[in-house]
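What follows is a single structure, written as C-alpha cells, with notes after it.
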Amino acid sequence: AFTFPVGTCVTGAAGLARHTGLDALTWLAVALYAFLVVAWAAAGTRTVRGVLSGALTAAPVPPRPATAR
C-alpha cells in the first residue's frame, strides 16, 4: 500500500524533469526510484516471509463472544 504513493511521486518527478529539463528534478526522480525499489523489496520480502510462515494464509482468529455485565 505504501509503494503506490512513492511510485506516483517518481512518475511526477520524472515528468517534471522531462518537461523542465532541470537536472535537479532528474536526480530527485532517480532518488525516489531507488527508494521505490527498496520499498518493493521490503514489501516482497515480508510477503514471502508471511506466506512461508503461514501467517498470511491462516484463517483469521474469530472474535471472543461478548459477555454481559
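Points worth noting:
- Of the residues screened, residue 11 is one that is hydroxyl-bearing (Ser, Thr, Tyr) and surrounded by 12 or more Cβ atoms within 10 Å (Cβ to Cβ).
- Test: residue in region 46-53 that is surrounded by 11 or more Cβ atoms within 10 Å (Cβ to Cβ), in contact (Cβ under 8 Å) with a residue 12 or more places away in the chain and of a type in the set (Gly, Ala, Ser): no
- Residue in region 31-42 that is modelled with pLDDT under 95 and part of a loop (DSSP other than H, G, I, E, B) present: no
- In region 7-25 there is at least one residue that is in a loop (DSSP other than H, G, I, E, B) and modelled with pLDDT of 95 or more.
The values are calculated or read from the model by the stated rules, or taken from the named source; none is laboratory data. Fair warning: this is a prediction, and the values are worked out from it, not measured in the lab. Note that each Cβ is placed from the backbone with ideal geometry, even for glycine, and that neighbours are counted across all protein chains shown.
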